[in-house]
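Take a look at the structure below.
The values are calculated or read from the model by the stated rules, or taken from the named source; none is laboratory data. Fair warning: this is a prediction, and the values are worked out from it, not measured in the lab. All Cβ positions, even for glycine, are placed from backbone atoms using ideal geometry, and neighbour counts span all protein chains on display.
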Amino acid sequence: MTDVAALERAAVEAVSAGRIAADLRDLVAIPSVTGTSAEVAAADHVVGMLRRAGRAVTVDRRDVDPAALARDPDHPGSEVPRDVLPLVAGTVRAARPGRRLLLSGHLDVVPAGDPATWATPPFAPEVRGGMVTGRGACDMKGGLVAAIEALRAVATLAGPDGLLPEPLAGEALFVGVPSEEDGGAGTLAAIRAGWTADAAVVTEPTRLEIVTAGAGAITFRLTVHGRAAHASTRREGVSALEKLEVLHAALRLDEAERSASETDPRMIALGLPYPTIIGTVSGGEWASTVPDLVVAEGRYGVRLGQDSGAAFDELRAAIDAACAGDDWLREHPATVAVVGGRFDSVDLPAGDPLPASLAAVAADVDGSAPAMVAVPYGSDMRLWVRVGGTPCVLFGPGDVRAAHAADESVALDDVVRCARVLAAWLVRGLAPLADRGGRPVDPAR
């Protein structure tokens with residue numbers, strides 16, 4: 001029987017920085033914008049990455065019908081049309097049954113925006129000064145590659161039969177999903193496929209901190225009516241744009257009040273845990289006509305402990321109160337609706353052993369234990385926990401402040417560090433409890 005600590009060290013040593021750099025460049029070069037056919041290309045590319053690990057990794061590639069999944073009562077909504085949800089999974093097994101540990105990440109990225117704002121083409125990744133730059137490098141192909149590399153590193157421990165040696169038991173599973181950026185339908189599809197686990201890590205960019213709680217978000221559409229008039233007699237009309245300004249001011253006040261009322265220290269530390277924005281505004285038909293209709297879409301935070309429905313109730317109450325306080329809007333109230341993705345909040349139950357176990361492994365591998373934090377955004381973590389019944393944390397390379405931005409980048413060293421921690425976590429977690437007391441992994445590696 002092989003010592004667990006020795007297996008951990010072997011898995012950590014099997015992580016290849018060169019392979020990670022090459023894989024990350026190749027994956028970022030695929031413009032897998034959410035809802036496009038390139039999501040399929042990204043899934044197929046990941047299949048190749050997993051198959052190159054040899055017979056120890058069993059690969060499963062599935063295409064799920066989005067229309068059929070949309071009938072699921074837990075469907076989280078979506079914001080772009082798509083014909084297919086491409087899923088890919090890789091599994092490494094031991095001979096004996098035991099726990100299942102899951103690593104997951106999303107294949108899709110947001111659009112690149114104006115190419116002129118980028119120093120280099122967004123889908124022509126470059127490595128400079130140890131940083132990989134390109135759309136999706138941070139959110140979250142760096143984490144995706146780290147998770148795949150961790151699974152491949154564990155696969156190197158397998159014997160000629162393709163199975164992990166004793167005392168390891170159970171299986172390690174990687175799942176790559178589409179559609180995270182517009183709601184999370186890919187992860188729901190993975191859950192319905194049976195790919196749940198005893199514990200999971202989603203490798204979103206967290207600066208290698210461990211996220212145990214997260215706010216959520218809903219996308220809303222606000223429709224505001226006015227009264228048209230010729231611009232030269234604008235006082236005869238009512239500008240829907242000016243009435244949107246009334247509602248926008250109410251939303252800013254609501255944002256401040258909701259954030260100030262938070263009592264959880266993890267959320268307070270964020271400063272603005274529940275941000276609200278209006279991201280798009282459209283309206284008016286003629287430059288010299290008072291606009292009689294404006295439609296605005298935006299994002300509203302879901303508070304810790306809330307689901308998206310409760311957050312919408314608060315949003316609607318804020319809009320209704322603002323309408324009641326305005327002479328025009330009182331008689332012509334604005335309407336508000338949820339459109340697109342619905343991200344509930346998530347909070348891993350206190351006392352769950354997952355965060356501490358991951359932190360302990362990270363301390364052994366990396367020399368220091370990562371902080372436990374919360375985040376102000378929604379993620380697939382809430383689906384694994386709330387729908388899949390799988391304890392889950394976020395832990396990955398990169399800083400969310402670089403996500404969705406021009407010149408998005410991630411440090412290669414952090415991707416490598418993440419892969420090493422996750423490889424050791426998988427090994428230690430698949431060892432029976434009585435066999436986990438071996439020497440810690442050498443922090444210098």
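Observations
- Being among the charged types (D, E, K, R), surrounded by fewer than 19 Cβ atoms within 10 Å (Cβ to Cβ), more than 24 Å from Glu171 (Cα to Cα) and out of contact with any helix residue (DSSP H, G or I) (no Cβ under 7 Å at 6 or more places or on another chain) holds for only one residue in Glu13, Glu39, Glu79, and it is Glu79.
Here's the yes/no breakdown for (1) modelled with pLDDT of 95 or more; (2) outside the structural domain of Arg235 (by TED's automatic domain parsing); (3) exposed (fewer than 15 other Cβ atoms within 10 Å of the Cβ):
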site: Val290; (1), (2), (3): yes, no, no
site: Glu297; (1), (2), (3): yes, no, no
site: Ser308; (1), (2), (3): yes, no, no
site: Ala324; (1), (2), (3): yes, no, yes
site: Ala350; (1), (2), (3): no, yes, yes
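- Verdict on Gly378 being more than 19 Å from Ile148 (Cβ to Cβ), of a type in the set (Gly, Ala, Ser) and buried (at least 24 other Cβ atoms within 10 Å of the Cβ): yes
- Going through (1) modelled with pLDDT under 95; (2) part of a loop (DSSP other than H, G, I, E, B); (3) not charged (D, E, K, R) one by one, Ala434 falls short only on (2).
- Checking the stated criteria, Gly136 turns out to be crowded, with 24+ Cβ neighbours inside 10 Å, on the phi > 0 side of the Ramachandran plot and touching a residue at least 12 places away in the same chain (Cβ under 8 Å).
- Qualifying residue in region 117-127 (condition: among the β-branched types (Val, Ile, Thr), modelled with pLDDT of 95 or more, over 28 Å from Asp413 (Cβ atoms) and surrounded by fewer than 17 Cβ atoms within 10 Å (Cβ to Cβ)): no
- Residues within region 224-241 that are surrounded by fewer than 16 Cβ atoms within 10 Å (Cβ to Cβ), of a type outside the set (Asp, Glu) and touching a strand residue (DSSP E or B) at 6+ places or on another chain (Cβ under 8 Å), tallied: 3
- In region 243-269, the residues that are in a helix (DSSP H, G or I) and surrounded by fewer than 16 Cβ atoms within 10 Å (Cβ to Cβ): Glu245, Ala249, Arg252, Leu253, Ala256, Glu257, Ala260, Pro265, Ile268
- Hits in region 385-422 (condition: assigned to a strand (DSSP E or B) and among the hydroxyl-bearing types (Ser, Thr, Tyr)): Ser409
- Residue in region 336-348 that is at positive phi and touching a strand residue (DSSP E or B) at 6+ places or on another chain (Cβ under 7 Å) present: yes
- Selection within region 215-237 - not in a strand (DSSP E or B) and not small (Gly, Ala, Ser): Thr233, Arg234, Arg235, Glu236
- When the test is whether a residue is at pLDDT 95 or above and either over 30 Å from Gly130 (Cα atoms) or surrounded by fewer than 17 Cβ atoms within 10 Å (Cβ to Cβ) (or both), Ala363 passes it.
- Just one of the listed residues (Val12, Val64, Val80) is at pLDDT 95 or above, assigned by TED's automatic domain parsing to the domain that holds Leu422, under 24 Å from the mean Cα position of the chain (by Cα) and not aromatic (Phe, Trp, Tyr), namely Val64.
- Residue within region 41-49 that is more than 25 Å from Ala423 (Cα to Cα) and in the same structural domain as Glu408 (by TED's automatic domain parsing) present: yes
- The set of residues in region 21-50 that are among the small types (Gly, Ala, Ser) and touching a residue at least 60 places away in the same chain (Cβ under 8 Å) comprises Ala21, Ala29, Ser32, Gly35, Ala42, Ala43.
- Sub-8 Å Cβ pairs linking a first residue in region 272-296 that is without any contact (Cβ under 8 Å) to a residue 12 or more places away in the chain to a second residue that is surrounded by 17 or more Cβ atoms within 10 Å (Cβ to Cβ) and charged (D, E, K, R), at least 6 apart or interchain, number zero.
- Scanning region 270-295 for residues that are farther than 30 Å from Ala371 by Cα and part of a loop (DSSP other than H, G, I, E, B) turns up Gly284, Glu285, Trp286, Ala287, Ser288, Val290, Pro291, Asp292.
- Positions within region 337-348 being of a type in the set (A, V, I, L, M, F, W, C) and either surrounded by fewer than 19 Cβ atoms within 10 Å (Cβ to Cβ) or assigned to a loop (DSSP other than H, G, I, E, B) (or both), in sequence order: Ala337, Val338, Val339, Leu348
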